[in-house]
């Protein structure tokens, strides 16, 4: 792990650099290094575990009236503001000196990308509500317009914080500790400038398309999240000023490397300082960067759709021209240029976000990916599940016989997705005894081995049916392409149900065996995506349980045909039964606690916002049930409120892996009810999606899942605990207490299993 950087010199170093930029003859050109608007004083590297990270708070906690009842608006946090608080926690990792340097940079890039997506999906949706005059209030009592008024200043603050962290902390530390210099064009030596110019002529100049704006040239179309340069030009003879826009090819060339050392210049800097060749015969007056964000909010009237695939395809095409919800501009942009942009794009001051520094911080993913092992996480190689190590079909030890012995739990990324879930599909596709494969697909990778195996199975004459969700947010285009390709290979493809998204994670394999047709199923919490399975934590179960197999058959009849009134013996399916079942389990735990005084609920999920479930949790807390919630992202529930939630604790784990598994545990006086699910406790999961929860009946798997929950709750390195006002405080080891890092502990246990050590409890 990288050593902690000394940030005490950061301000002075950057001040000197700013002075050089400001005194340069090129000061009217684009500059990437600026003094921050409000930079906290640098803090020394932590020497003890006594420091607790604190982050700004977006949510607005209000005092609960004395006579308030469950359902009162003060009992709930705002969903959007709570999500922003989640991103504050992500951004906090960029400043956490305990992480390797490049990983801190990656967290910064993630936080920046998160904001981009938030604008596209959430701000876009709120803007649409305002435009449609929708007056519906959220459970916390706010209209869309009121939410936007609260959100915008938080985003402004977060934007400043992001760029301050990059410019004032991470860049100087990168230079000092890793000898990687992210510099401005004005810092280059004459030799390096010649090298940058040569790169410009060879790789940039030919593909640039300057677009002038005048009566004969209308204002150009601006694509979503594309970086542009606003160029003001002056005719040397007539003295007239003109405006032109240049699109910056950041996807193709995010950085320009110069010199023999690791020295990088943002590509827009190189373009901005070599515009004389682009605009020959004109004087360059000013150059300033800007970027627009367009809404991704889809308007689907599925009831009137003749062809759902065509409707989604058309809406995706329309998205290119969707309403602009954010304009980012370099803070040096001349006021008259900004005014012109606002007028042309039909925006107000509220839509403008001034940036000090490099505009596209998601380009830092490339920097984080540099080959600098001393400043990165040590490589993690997922282990093969122990029971799958001795596969030997010739000896009767094929994957199907192993699953028939007893259920097999999978835990990614600690256990390999490729050597378990993916292998299950690949073996099934090749096995001559397999007659049919049915699967749901919500998201998958670009070069998906899962899809490849399914197409091979269809080519071999097997019955293959896939429900691919073409309405998966921001993955619509990829899923439409996969759907078309699979159809061409003979797969029966359906595109989702009208009015519902199919988010369930289910594979059904039907195999002809001596005693007849046998079902094998995979049921999980995460997507069938080999790429994200390396960084997302998810659990899954491979089972030959006959009742679950029958349920899976019925589920696919519902998904692919007209059979809405299906009945399930073990699987719990949304929107039909899932919320009802969770409410029953909470109610049962209340009754059990009344009798035995040992009520306990532990639940792990990505987000919690379903008001019906939250209200039932409040009831359980009032009844004395202890409730431990592990909620990674946004959470409407307020823990620790006197008279409502004294017995509820909420933590969020942010670390090396993205917590994605959903596990729900109810103590039931020592006879636990435990399920894994594709669904969070969100309204959309319980009402607007097809989801599946799978009861865990195998005792060893139950014990293993319980231990995972307990380790997560014991974490004092990655977890943040929420108080009743919505403030998250990072947990810390007590004096003399060992550090417990959830991810490190589970990796350690996996390594022990890999080495063949015995005595590891619950086969963790």
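Points to keep in mind about this one:
- Counting other Cβ atoms within 10 Å as a rough exposure proxy, the listed residues 604, 423 run 423, 604 from fewest neighbours to most.
- Over the Cα atoms of segment 529-576, the radius of gyration divided by the Kirkwood radius equals 1.08; this is the Rg/Rh ratio.
- With all pairs of different C-alpha atoms in the average, the Kirkwood value for the hydrodynamic radius of segment 574-763 is 17.3 Å.
- Taking the fewest neighbouring Cβ atoms within 10 Å as the starting point, the ordered list for 183, 521 is 183, 521.
- If you plug the beta carbon distance of residue 595 and residue 569 into 1/(1 + (r/R0)^6) with R0 = 25 Å, you get a FRET efficiency near 0.35.
- Relative intensity of segment 330-374 on a log10 scale, I(q)/I(0) at q = 0.17, 0.19 Å⁻¹, equals -0.62, -0.69, per a Debye sum over C-alpha point scatterers of equal strength in the absence of solvent.
- Counted residue by residue at 0.36 nm each, then reduced by the alpha carbon distance between them, the extension gain from residue 714 to residue 149 reaches 199.6 nm.
- A P(r) calculated from all alpha carbon pairs of segment 545-671, with 5 Å bins opening at zero, reads 2, 10, 17, 19, 16, 14, 12, 7, 3, 0 percent.
- Per residue of the chain, the DSSP helices (runs of n ≥ 4 H) give a summed -39500 (n - 2.57) that works out to -10000 deg cm²/dmol at 222 nm.
- Difference of contour (0.36 nm per residue) and Cα-Cα distance, residue 201 to residue 343: 47.7 nm
- Distance histogram in 5 Å bins (all Cα pairs of segment 682-749, percent per bin): 3, 13, 14, 15, 16, 18, 13, 5, 2, 0
- In terms of overall dimensions, segment 128-239 has a Cα radius of gyration and Dmax of 22.4, 63 angstrom.
- Of all DSSP beta bridges confined to segment 386-570, the antiparallel ones make up roughly 75%.
- Rounded to the nearest 5, the antiparallel percentage of DSSP beta bridges internal to the chain is 70%.
- Take the Cα radius of gyration of segment 65-162 and divide it by 2.2 N^0.38 Å, N being the number of residues; the result is 1.30.
- Sorted ascending by nearby beta carbons within 10 Å, beginning with the fewest, 191, 186 become 191, 186.
- Pairwise label distance in nanometres, residue 366 with residue 562, each label 7 Å out on the Cα-Cβ vector: 5.4
- The slack in the chain from residue 378 to residue 398, taken as 0.36 nm per residue of separation less the alpha-carbon distance, amounts to 3.8 nm.
- Two numbers describe the Cα atoms of segment 386-570: Rg and Dmax, which are 15.6, 49 Å.
We did not get these values from a lab; they are worked out from the coordinates using the rules stated. Predicted model, so just to flag it, every value in this text is computed and none were measured. Positions of Cβ are backbone-derived with ideal geometry, glycine not excepted, and every protein chain shown enters the neighbour counts.
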